[in-house]
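The values are calculated or read from the model by the stated rules, or taken from the named source; none is laboratory data. Just so we're clear, the structure is a prediction, and the values are computed from it rather than from any experiment. Cβ atoms come from the backbone with ideal geometry, glycine included; neighbour counts cover every protein chain shown.
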Ligand SMILES: [Zn+2]
């Protein structure tokens, strides 16, 4: 293929713009916030699950506490009734009196036992509530951090898109006066060869694949007219010759 040397040189500008565009796309796909956001999401799921479990535990313990309260109150009420009967002086039969006194003692013991249960439930409820509050606070912290990172990522994406649009515009200007066949070859090579279609021959080396050309190859290239489009023997990319080529 033949192409004006100036057009070949311009291909390096196109390559630089295209590589810049690729780098922007890579940055957009691999935001620095990515790993932390993934970790935060896992943390959020874990905390969500924990908060739900604790919420159920708090509900259960709240019911348990209400029941324990009611149990205590019920026995206390019965004790008050018995005490009133005793104080009322209406019971005179010694056996009945003795029976009532025994019952009062038994009720005292029962109230004390139930109050222990009530206290224990209350402590467990307080602990569960404290754990739930802590999990919710942690969840809020995690969500806030994730929102910050999301915002930062969105801002960076907007910026990257703006940069990419500028590069695209510049590319359109540069390729406007390039021969269509040269550009088509470049585009095809770029697609096949990791995004690099045109490489500078710099100090006897292909900057696309780093192959160093021997004297024979260099001699052959040197002998070619400047409008001949040279390809690297190793990688097949378009080799652009300049004053730095070492020819
Ligand atoms: Zn090469």
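Candidates in segment 218-236 are the residues that are crowded, with 16+ Cβ neighbours inside 10 Å and over 16 Å from residue 8 (Cβ atoms); of these, the one that is farthest from the chain's Cα centre (by Cα) is 218. Residues of segment 221-247 that are within 13 Å of the ligand (Cβ to nearest atom) and at positive phi: 236 alone.
With respect to residue 154, is the statement that it is touching a residue at least 60 places away in the same chain (Cβ under 8 Å) and either part of a helix (DSSP H, G or I) or surrounded by 12 or more Cβ atoms within 10 Å (Cβ to Cβ) (or both) true?
Details: touching a residue at least 60 places away in the same chain (Cβ under 8 Å): no; either part of a helix (DSSP H, G or I) or surrounded by 12 or more Cβ atoms within 10 Å (Cβ to Cβ) (or both): yes.
Answer is no for this residue.
Looking at this structure, is residue 151 under 27 Å from residue 25 (Cβ atoms), within 16 Å of the ligand (Cβ to nearest atom) and modelled with pLDDT of 95 or more? Explain how you work it out, then say what you get.
Numbers: under 27 Å from residue 25 (Cβ atoms): yes; within 16 Å of the ligand (Cβ to nearest atom): no; modelled with pLDDT of 95 or more: yes.
No; evaluated as a whole, the condition is false for this residue.
Residue 159: assigned by TED's automatic domain parsing to the domain that holds residue 47 and either exposed (fewer than 12 other Cβ atoms within 10 Å of the Cβ) or within 14 Å of residue 41 (Cβ to Cβ) (or both), yes or no? Break it down stepwise before answering.
Details: assigned by TED's automatic domain parsing to the domain that holds residue 47: yes; either exposed (fewer than 12 other Cβ atoms within 10 Å of the Cβ) or within 14 Å of residue 41 (Cβ to Cβ) (or both): no.
Considered against the rule, which asks whether it is assigned by TED's automatic domain parsing to the domain that holds residue 47 and either exposed (fewer than 12 other Cβ atoms within 10 Å of the Cβ) or within 14 Å of residue 41 (Cβ to Cβ) (or both), residue 159 comes out as no.
Please verify whether segment 171-181 includes one or more residues that are outside any loop (DSSP other than H, G, I, E, B), within 16 Å of the ligand (Cβ to nearest atom) and within 18 Å of residue 11 (Cα to Cα). Give the steps one after another, and end with the answer.
Applying the first criterion (outside any loop (DSSP other than H, G, I, E, B)) to segment 171-181 yields 171-175, 180-181.
So of that shortlist, the ones also within 16 Å of the ligand (Cβ to nearest atom) come out as none.
No, segment 171-181 contains no residue that is outside any loop (DSSP other than H, G, I, E, B), within 16 Å of the ligand (Cβ to nearest atom) and within 18 Å of residue 11 (Cα to Cα).
For every residue, the table says whether it meets (1) outside the structural domain of residue 51 (by TED's automatic domain parsing); (2) away from the ligand (no atom under 16 Å from the Cβ); (3) assigned to a helix (DSSP H, G or I); (4) free of Cβ contacts under 8 Å to residues at least 40 places away in the same chain.
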site	(1), (2), (3), (4)
125	no, yes, yes, no
140	no, yes, yes, yes
183	yes, yes, yes, no
219	yes, yes, yes, yes
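For segment 185-209, a residue qualifies if it is part of a loop (DSSP other than H, G, I, E, B) and either within 11 Å of the ligand (Cβ to nearest atom) or touching a helix residue (DSSP H, G or I) at 6+ places or on another chain (Cβ under 9 Å) (or both), and the qualifying residues are 193, 195, 196, 197, 203, 204, 207, 208, 209.
Out of 75, 80, which single residue is at pLDDT 95 or above, more than 34 Å from the chain's Cα centre (by Cα), surrounded by 16 or more Cβ atoms within 10 Å (Cβ to Cβ) and assigned by TED's automatic domain parsing to the domain that holds residue 146? Give the derivation first.
On the way: 80 fails: surrounded by 16 or more Cβ atoms within 10 Å (Cβ to Cβ).
It is 75.
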